[in-house]
Amino acid sequence: MSIQEYQQQFIKQAIASEALCFGEYTLKSGRVSPYFFNAGRFYSGVALAALGRCYADAIVASGVQFDVLFGPAYKGISLAAVTACALADHHQRDVPYAYNRKEKKDHGEGGSLVGAPLQGKVLIIDDVITAGTAIREAIAMIELAGANVAGVAIGLDRQERGQGERSAIQELEQDASLAVISIVGLNDIVDYLSTAASDQALVARINAYRDRYGVEV
Ligand code: OMP
């Protein structure tokens, strides 16, 4: 499928905000990657609003049905909030949202869950899944609250192998039968960069990384 308008907007905004950076980055896995995605860099009102629209567009395009959004602490919290706003402003959908605290409060409203009650089908909003550790924790929290996980929406699918031949995303889709929605995958970024003649050396470095660690998509 050709790249959608919201996907192009996402890549443009990510590069402009330096949320998508190119260089040499050592990942949690120890792999040295020629690019890194850091959603924390979407830190202005314009960038966040654009990001929320991209998540909302990707979610609506996927057709995944859900009742509540859940943003795991920390980065998922603001992502779920801006997505809920964009669904209301641009898709006429008033969706409740919730998030967790990393540390339980024993006073005030108490507990570690904040916002809407976790009921029905829950869509998790996060930035990136690499090994899937953070997402598995969020899934456990939702199930403990007695709700079901409808799926996960993330900004970027790095499309690289986990421990085995598949990516953590493919494992979630195939083994846990979850819908994983990503605004873009690495292949979209490569397609986007390939159109600019000045980026050919960068594309070559990313392709070399992809040959070494990438999965079939
Ligand atoms: P998992 O919990 O292993 O799925 O990985 C998510 C984490 O990957 C994030 O919390 C980041 O620390 C890290 N990360 C990025 O944020 N962006 C990337 O492009 C790559 C990584 C990474 O280290 O793999």
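For the chain, find the longest principal axis of its Cα atoms and tell me its angle to the long axis of helix 200-213, 0 to 90°, nearest 10.
Helix 200-213 sits at roughly 60 degrees to that axis.
For the chain, find the longest principal axis of its Cα atoms and tell me its angle to the long axis of helix 45-62, 0 to 90°, nearest 10.
So the inclination is approximately 90 degrees.
Could you bin all the Cα-Cα distances of segment 1-103 into 5 Å bins starting at 0 and give me the percent of pairs in each, rounded to whole numbers?
2, 12, 19, 21, 19, 16, 7, 3, 0
R0 = 30 Å: FRET efficiency of GLN4 with LYS102, Cβ-based, nearest 0.05?
Between GLN4 and LYS102 the formula returns 0.30.
For SER29 and GLU143, what does the FRET efficiency come to when R0 = 35 Å and r is the distance between their Cβ atoms, rounded to the nearest 0.05?
E between SER29 and GLU143, to the nearest 0.05, is 0.85.
So, R0 is 35 Å and r is the distance between the beta-carbons of ALA208 and ALA61; what FRET efficiency does that work out to, to 0.05?
Rounded to the nearest 0.05, the efficiency is 0.65.
Can you tally the net charge around LEU178? Count Lys and Arg as +1, Asp and Glu as -1, for every other residue whose Cβ sits under 15 Å from the Cβ of LEU178.
-4
Restricting things to alpha carbons, find the Rg to Rh ratio for segment 1-58 using the Kirkwood radius for Rh.
Taking Rg over the Kirkwood Rh, I get 1.03.
Could you state the accessible area per residue of the chain in Å², with a 1.4 Å probe and every protein chain left in place?
Dividing the accessible area of the chain by its residue count gives 50 Å².
Do me a favour and compute the ellipsoid semi-axes for segment 122-217 from its Cα gyration tensor, root of five times each eigenvalue, largest one first, whole Å.
Taking √(5λ) for each Cα gyration eigenvalue gives 30, 14, 9 Å.
Check which residues have an amide H placed less than 5 Å from VAL128's amide H, if you skip close sequence neighbours.
Amide H to amide H, under 5 Å and 5 or more residues apart or across chains, VAL128 pairs with GLY155.
Provide the gained length on full extension for the span VAL46 to GLU165, in nm with one decimal, where the gain is 0.36 nm per separating residue minus the Cα-Cα distance.
39.0 nm
Using all alpha carbons of the chain, what is the percent of pairwise distances in each 10 Å bin, ordered from the shortest bin to the longest?
Once binned at 10 Å, the Cα pair distances of the chain give 8, 34, 37, 17, 4, 0.
Filter the GluC sites (Glu not before Pro) in segment 152-190 down to the DSSP loop ones having no more than 14 other Cβ atoms within 10 Å, then list what survives.
Here the sparse-neighbourhood loop sites are GLU165.
Got a number for carbon plus sulfur as a percent of segment 5-213's accessible area, 1.4 Å probe?
48 percent
What are the ³J(HN,Hα) values, in whole Hz, obtained from phi via the Karplus relation 6.51 cos²θ - 1.76 cosθ + 1.60 with θ = phi - 60°, for each residue of segment 171-182 in sequence order, with x given for Gly and Pro?
Karplus-based 3J(HN,Hα) across segment 171-182 equals 5, 5, 5, 7, 8, 9, 6, 9, 7, 10, 9, 10 Hz.
Given labels modelled 7 Å from the Cα in the Cβ direction, how far is it in nm from ALA73 to GLN174?
3.5 nm
Using alpha carbons only, how many angstrom separate the centre of segment 22-99 from the centre of segment 128-176?
If we compute the Cα centre of each part, the gap is 15 Å.
The values are calculated or read from the model by the stated rules, or taken from the named source; none is laboratory data. Please read these numbers as outputs of a predicted model, since none were measured by experiment. Note: ideal-geometry Cβ built from the backbone for every residue, glycine included; neighbour counts use all protein chains shown. Just so you know, the surface numbers come from the protein's heavy atoms only, side chains and all, with ligands and any DNA or RNA stripped out. Shrake-Rupley method; radii C 1.70, N 1.55, O 1.52, S 1.80 Å.
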